[in-house]
Structure formats: C-alpha cells, structure tokens
Amino acid sequence: MSASPIVNDLVIRFANVNGTGSASANGLFAKAVFRMGIPVSPKNIFPSNIQGLPTWYEVRVSEKGYLGRREGLDIVVSVNPQSMPQDVRSVREEGYFLYDNTKPLDIRLQRNDIHYIGLPLTRICLAEYRDPRQRLLFKNMIYIGALAALLDIDFSVLKNLVQDQFQGKEKLIAPNIHALELGCQYALEHFDCPLGLRLEKRDLVGDRILMDGNAAVGLGAIYAGATVAAWYPITPSTSVVDSFDKYCKRLRIDAGSGARKYAIIQAEDELAAMGMVIGASWNGARAFTATSGPGVSLMSEFLGLAYFAEVPAVLVDVQRAGPSTGMPTRTQQSDILAAAYASHGDTRHVLLIPATPKECFDMMAEAFDLAERLQTPVILLSDLDLGMNDHVCDPLSWPDDRVYDRGKVLDAEQLDELERYGRYLDVDEDGICYRTIPGAHPTRGAFFTRGSSKNEFAIYTESDEDYAKNMDRLVRKWNTAKSMVPEPIFYPRSEPCRIGVIFFGTSTASTLEAIERLAEESIRVEGLRLRAVPFSEDVERFIEEHEEVFLVEQNRDAQMRTLLVNELGVNPQRLHAILHYDGMPITARFIQQTIQSQLASADTPAMDQVAEGGR
Amino acid sequence: MTYLRPAFAHPDLPRNELGYTRKDYESALSTLCAGCGHDSISAAVVQACHETSIEPHKVAKVSGIGCSSKTPTYFLGNSHGFNSVHGRMPSVATGAAAANRELTYIGVSGDGDSASIGIGQFAHAVRRNVNMLYLVENNGCYGLTKGQDSATAEVGSRSKAGSVNQLAPIDLVSMALELGAGFVARSFSGDKAQLVPLIKAAIAHRGFALIDVISPCVTFNNNPGSTKSYDYVREHMNTTGHFDFVPMHQEITAQYPPGSSKEVTLHDGSSVHLHKLDDTIDPLDRRSALHALQEYKASGKILTGLIFMDEDSQDMHQVMNTCNKPLNQLTQSDLCPGNRVLQDINDSLR
C-alpha cells in the first residue's frame, strides 16, 4: 500500500445484474459519500432490459468538485459473473477488484497489476438467510458494508441513510443495518483497512442537493402550475411524468374531497400526447409532455401546427442515442436539429438547455412562461445523463413573489373595450398577438384556430399577401424571443485568451474540468455555455472575439454547429467540433486531448476534419 | 351569387331562453358544394344548440382535416374552433376537455379522418370517455382529394369515377359499441327531424357521444351504385324509433302508446323519450344494440336513430377524479406550493 493515501479522488464501478436490487444499495453508497460532504457524481450504465443483463453503476468522488465522468476505474465491485472478464480488464493498474470469492477466481481472470479483494458474499448470505430473495438482496448491502471499512466511510452515515430510506417500513431497518455490519466486519477482519484509496469527511457540498434531472423537471412543472400532462411511456423520459405524478399526489390533491387539481393522461402514442397538450393549452391550461427522440419525430406534425397556430406548448425531450431501435438507455445530445426545426414548412422552435437538475427545475418553470408569452412550443432539451442520474446541484428555490406570466390573453372586460379583435393582429409590433381562451366572452373574441390559411382576424383566406405577412410576423416574434430566453453563461479568464470553447447541457461539467486541466498546462481557454435557442448576440460576439473556437457536442454530426452556422451565419471554418457519440457521458480527458491535439496540428482542422470520439 | 350573409335580422326572430336568436348560432357561409349533406348537419347543430339554449361561447368546436372538418367554420360563429391535424381531432378535444370540464365540446370528423388516419385516436377517445359530441360526417369517400373510396365504403359500392370498392367497410358505430361508448347513434343528413333531437341528447349526455351521420357527397359519391347516395340511404334506412329530447324544465307533452315507449333521464335532469318501432332492439342494452346492427346489416338495411345509451357511464373527469373547478381556472395559489415546501423537498434530497 502506498504511503500517502489518495483521499477523496476515485472512481468506483459496481457491476451488477439487472433486477437484483443493486440500484438502491449502490445509491446508498453515493449518498453516503455526499453526506460525508464530498462531491460525488453517480452514473447508471444500464441495458435496455428488465432483468438479467449486466448493469453498472459508476461513482466518481472528487474533492476538487469535478462532476463529469472520468475514465480509469480505481475500484470495481464485481457481483456479476457474466461480465467478470470485462470487469477485471476495466480496472486501472494498481486498482482494486472486489469480487465474490465463494468460488475460487478463474485463473484466466488473474492480473498481476491489480489488487484482488475477495469477499465471500454468497457464503455469508447462505449462512445468514434462508429466503432466496433475501440472499440476493442482502448481498448488495454486504458489499456496501465492506466498502465502508475499506474506504473508511463513516458507518453512522450509512446507518442514518438506511433509517431514512426505510421510513414507514421500520421492520426493514435492522436487517439492512445488520447486513452492512456483516460486510464491514468481514473486511475489517481480513484486510488492512482502510485502503490507500479512501474517503475523508469534508464540508464541500454545503447546502447542495443530490437529485436527478427528470425529478426536477416534474417538480418544476408543479411549481409552474402545469395542470395537464399527456404522455406516452419512453425511456429515458418516463420518470419526468412519474415525478410529476408523485409530487401531484403529495401537493395537488384536495385534502377534503380527494379531488385532483391535475390531469395526467397516458396517451395512445406520442402524436396523441402532443395533440392533448395543444388542446389543453389552447383551452387555457398549462400543459406539457415528456418524450425522447422517437417521440419528437412523431410529434413533429403537431409541433408545426402549434407553431403556425401559435398555441403554447411545453415539450421535454430527454435525449438518448437514436434511432427507435437504438440504444434507449444511452445518452446523447442528438435531437438538436430535430427539435430546433421540428415539422414541415418554415418552423423553428425555442429550445432551453439545462445542465443541472436545478436548471431543469428553473427552466421547466421558465418554459411555461415563455410558451405563453411567445405563444409557441418550447422544448426543454435534457438528456439521459442529466435526466436519469443523480447530480449534486444547488438547492431549488422559488421566489414567493414570482407571478406566472400568462402572456397576452384578453379577458371579457378587455374584449368589451376593443373596437375589433384580431387574433393575429400585431398590435405591439413585437410579433406577439393577443389570444383569447374559449368561453371568455359571449359574443366577442371567438376565432377559428387553423394553420396558416388565415388573415390577421383569423378569417379564412388563401391570399398570398396575408400568408407572407404572417410569416414575416413570425420572424419578428422569433427576434423578440431572443431577448426573453436564458442568456448564455460566460466563463472568462483574467488574462486575454485566443481560444474559446462553446458547450451546453451535460457536456458542462467535463468541459469546465477540461478548461482547468488545460490551464494547468498553460493553455488558457475561455468558455461559453449555451442555454437556449434562439441565440443571443453574446454567442456571436464570443465567436468573433476568439481566434480558435471549439464546440463540444455529444453527437456525430455536429448538430449544434449546423444550428449556429444556420442561425448566426457563422463561417463553419471558425467552429472546431469536438464530437463524442458512443452513448457514454463525455469526459474531461476526451475534451482536453482533442483540444490539445487540434492545437498541436499545424493547421487547426477545418470543417471536414472534426475530431470524432469514442472513449 | 354573393358570399355575404345579410346583417339584417328580423326583429321578431324567435328567441331562446337566453334571448339569443338562431342568428347568434350561425356563422360564415359554407364553401362546400351546393347540396352537400354536411351543410344540413351544420344547420341541425345550429338548431339544436339554439333550441336547447346553450350559451354559444360555452361551446368549443374541434375538427380534423377534410370537408367535414371545414364545417365548424359554418356554425356557431361565437364559439372558439380549432381545425387541427388530419385524424387527430380526438386528442385535441381530449386535451381541451381535460383543461375545462365546463364547456361543451363538439368534435366534427369525417370517415377518412376517423376510420382511417385517425382510427387509433377515435378508439382511444371512446375508451377514455371524453365528454363530447363526436359527429362523423360519413360520405364514404375523400371529397377534398376528389373522391377516393374511404374505409367506410361498402363492398361493391361504386364511385362516380366507376371504381368498385372491394374492401370490407369499417363501421364506426359497431366499433364504438364494442369499445364501450355510452351514447351511440346513427343518422342521415337528410333527416333533420331525427338528427336534431339526437344532437340535443348527445350534448346533454355526460361522456362520449357518437353520432355517425351518413352525409352524401353530391359531387363524388351520389351516383347510382353508391351506397352513400341520397337515394340509396332513403330507400334502405330503417330507424330504431321516434326520438324526443326533453330539456329538464320542459313539460313532457308527447304521447306514446303504452308498452313501447322508454324514458331515460340524463344526469342534468333532461330526458330522452324513445318510441321503439322494432321490438327486437333495446337501446339500453349493448348486446341487443350490437345484435340489431348485425341483423340490419345482413338484410342490407341501414339502422338509424339512437342505437345505444348508458347514462351511468363514467366520463374522463369522473374516472380521473379531477376537481370540479375547471383546471384552466385554477390560480397560482391553487397550484404553486411555494418556497417553504420546496425547502422541505431540498432537505429530503440531502
């Protein structure tokens, strides 16, 4: 063992079998690290399967607060014989391999450059439990207990977590703590604890929380006053509506009558889900749907109608690797163009791109205000990594004096004062007209909603002049939107920089880490994080002000670059794409190495020489 | 020919209980072909709404795409309308109905819209029991694209262009019955005496109410050999019985011979009186209704009138147990839990 231990800087991977209850035990581990005040970043690497296939849970612990994924596994906990050969190979040199040594290790799995830690998990369980289900479940708690000793996790933290987890099911607390103790005791008796790689209590997370993005989106919808959710199940977005449902049951049921102040409709498909959202929004409710790429494809016709008919709608796209029979459980940022220009005819949509659960919450709430102010669909572009993994982020907050912005809606009184109401009349010259909600007034304000064959008074026409006029007004509205959407975030350096890097969404943590690592090697890079489409002038300025501009994306075709080039008229040669698209979250090392190698080459690569990435 | 409707209205036009004349329920002039069955249906909707004193602005009209789906422009001009996407009216109506349970929803669709591209949405709107009147203006062909056969065309039916349909028809009435619809009727655009009370009852019914209206396409499917022509339907139509809709506050005056008359009270206190002409049909029994449909079909006849009605069916809002106040009228204080609750949630995530 090394004389100077590595403290609070490790990556541990748990190799389990899907459907064996490992998720809650592994989650317990991550949460224990978090409660010890150390920044932690867990990631699920799971198959599209309910039971039986290999699944992994990777936890990065970083004293420096780096929350992106990191290569190099320091510890692998192997509980799945099926993936054992691959798991052994995945341990870094001098790393640790924890395995069930009830049966002796296959000689072919012996490596000389790693440490083996054998735990007789099956044997302990056979001796301790009679029920086969318990033997399976408690195995997970036993290895967590062993890790507590090996990594020096505060045992009281684990105990408290178990107590919190089984609130209301108190009977389960003692047996779970007992299982933890079994593992802990075994490790203490058989190994030199703790290892050279260990944890120490810190106070580095402050008041931050550990939450997944989809839960935050669902909660954001609650706070935004959404009352109708229409959806069709699809990984990885399903837990958005699950979260909305969970919080609705807690916060939106009338205590006296049991009546619900919300409607969740599981639609027959994504087309119907979008239709329901549009129907409900048209009728004055705040409504949303959550889906992933295949759903966006199906919703596209309706999105175009909503764009032209100017009906507010909120759509959450939790992106995954394409296509329909693609890799639904792997992450990507590959719906950018599909979302930005969804539908036929000239359409463009407002996109909001969160990077943390806190932003998922804030932007979901913002999405409803924007959709109603702009009377158009707003798409929240999340992804599997953000949506389905826990992230350390700032606590959520809601200013109690915040008032929903329902946009330009005329009520009966205002209608009475008008000489003539025109649904598509640009009174304020910002491209946004006044809408009315069905039932507002007995004789005024009713209109017939349709796509584009209409004049400013919503009267049917196929006049070329009226059509073009309406299209031009929609551009005016788009320009108004530029000042309303969240600004990009600039990460400046004190000294002047010729290199800039643009990134967004779940590439954020890894890009910021790469910027720091590059600085350590005297390569100074400034960053700009995109948070919305349409782009503001700040994006143009950032590109202009830096000689070399890199753009980090988790897709193959540099979709954000296409969007920047198209929307801003940027010279494509000015944007060097760093592309990562194997379905795993991008890492800082990948970004750092790509930037360095591109800078090192005599000419910085042009458009046809984008860096492409695996792991 | 002028396309302007005169603004003049006779001062002595009959007014309904709300003081509205029929004019208040009319809208733009139709641009459909002269003699189109759909225009008769629009007129029947106007009459039904006027006579039952529905506030015009408390109705929302929703439609898909096709000749039928254009018609909401031609009735109830003081109601909001939404001409949506082909075959997707049911989902828009479902969302709208979820948002505000107090309005009356009239969905207008056609045979292409509901029996082909939108058959999935049609089926699920039935299954969900959305509280709406669902009018199918059924002419057996695609009028807007010049007369192709639709999925409701009978085997052997000949289009104006001379093609003979060889595929089995989809009967939306049978389908709705099978799917559990609580109000199912079939009518004929040329029989306003039957259609108007059916529309009134369908609107009063709580839950999904289908009226499949055979509505001949005068341009593409009113020729000899077509089974959706005026002549063919008149010759082959058989009705379940005479039908009256009696609003809650009106005295029942109609007289029926004893034994063959049924009275059904609706949830709002209004009632339906049905004088049966055929003792083999009981419109309050789903199996009997399905059986009768099959029997008539086998004998080459078209059964019209009220085919089935179940006043105890639970509509979408009842099933979801949504609050009585329409969701779109809940205020921020009803909906937003505030920062204190959020801080508790934060604590649970630490």
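The values are calculated or read from the model by the stated rules, or taken from the named source; none is laboratory data. Because the structure is a prediction, the values reported are computed rather than measured. Cβ placement follows ideal geometry from the backbone for every residue including glycine, while neighbour counts extend to all protein chains displayed.
Scan the stretch B:177-212 residue by residue and report those that are in a strand (DSSP E or B) and over 22 Å from residue B:229 (Cα atoms).
B:183, B:184, B:208, B:209
Is it the case that some residue within the stretch A:385-402 is free of Cβ contacts under 8 Å to residues at least 60 places away in the same chain and more than 8 Å from chain B (Cβ to nearest Cβ)? Among the residues of the stretch A:385-402, at least one is free of Cβ contacts under 8 Å to residues at least 60 places away in the same chain and more than 8 Å from chain B (Cβ to nearest Cβ), which makes the answer yes.
Working only within the stretch A:29-44, note down all residues that are in a helix (DSSP H, G or I) and surrounded by fewer than 21 Cβ atoms within 10 Å (Cβ to Cβ).
Taking the stretch A:29-44 and keeping what is in a helix (DSSP H, G or I), we get A:29-35.
Result: no residue meets the conditions.
Close contacts from the stretch B:301-325, counting a first residue that is farther than 25 Å from residue B:99 by Cα and more than 14 Å from chain A (Cβ to nearest Cβ) and a second that is of a type in the set (S, T, N, Q) and surrounded by fewer than 16 Cβ atoms within 10 Å (Cβ to Cβ), with Cβ to Cβ under 6 Å and a gap of 6+ residues or different chains, come to B:301/B:238; B:303/B:238.
Can you tell me which residues in the stretch B:154-172 are surrounded by fewer than 17 Cβ atoms within 10 Å (Cβ to Cβ) and modelled with pLDDT under 90? The answer is B:161, B:162, B:163. Residues of the stretch A:415-427 that are in contact (Cβ under 8 Å) with a residue 12 or more places away in the chain, assigned to a loop (DSSP other than H, G, I, E, B) and not hydrophobic (A, V, I, L, M, F, W, C): A:420, A:421, A:422, A:423, A:424, A:426. Strands (runs of 3 or more DSSP E) fully within the stretch A:529-615 that include at least 3 residues being at pLDDT 95 or above and surrounded by 14 or more Cβ atoms within 10 Å (Cβ to Cβ): A:548-553, A:575-580. Selection over the stretch A:249-278 of residues that are of a type in the set (D, E, K, R) and in contact (Cβ under 8 Å) with a residue 12 or more places away in the chain gives a count of 6. For residue B:94, the requirement of being of a type in the set (S, T, N, Q) and surrounded by fewer than 19 Cβ atoms within 10 Å (Cβ to Cβ) is not met. Taking the conditions (1) part of a helix (DSSP H, G or I); (2) over 19 Å from residue B:310 (Cβ atoms); (3) of a type in the set (Ser, Thr, Tyr) in turn, residue B:174 satisfies each one other than (2).
Restricting the search to the stretch A:265-289, which residues are facing chain B (nearest Cβ under 8 Å) and either farther than 20 Å from residue A:438 by Cβ or charged (D, E, K, R) (or both)?
Selection gives A:267, A:268, A:269, A:271, A:272, A:273.
Residues that are facing chain A (nearest Cβ under 10 Å), of a type outside the set (Lys, Arg) and part of a strand (DSSP E or B) within the stretch B:32-83 comprise B:59, B:60, B:62, B:63, B:80, B:81, B:82, B:83, listed in sequence order.
Out of all the residues in the stretch A:154-186, which are crowded, with 24+ Cβ neighbours inside 10 Å and either in contact with a strand residue (DSSP E or B) (Cβ under 7 Å, 6 or more places away or on another chain) or under 23 Å from residue A:11 (Cβ atoms) (or both)? If the condition is that a residue be crowded, with 24+ Cβ neighbours inside 10 Å and either in contact with a strand residue (DSSP E or B) (Cβ under 7 Å, 6 or more places away or on another chain) or under 23 Å from residue A:11 (Cβ atoms) (or both), then A:158, A:180, A:183 are the ones that fit.
Candidates in the stretch A:432-482 are the residues that are in contact (Cβ under 8 Å) with a residue 40 or more places away in the chain and charged (D, E, K, R); of these, the one that is farthest from the other protein chains (Cβ to nearest Cβ) is A:482.
Looking at A:237, A:281, A:300, which is the one that is without any contact (Cβ under 8 Å) to a residue 60 or more places away in the chain, of a type in the set (Gly, Ala, Ser) and either touching a strand residue (DSSP E or B) at 6+ places or on another chain (Cβ under 7 Å) or farther than 27 Å from residue B:348 by Cα (or both)?
A:300
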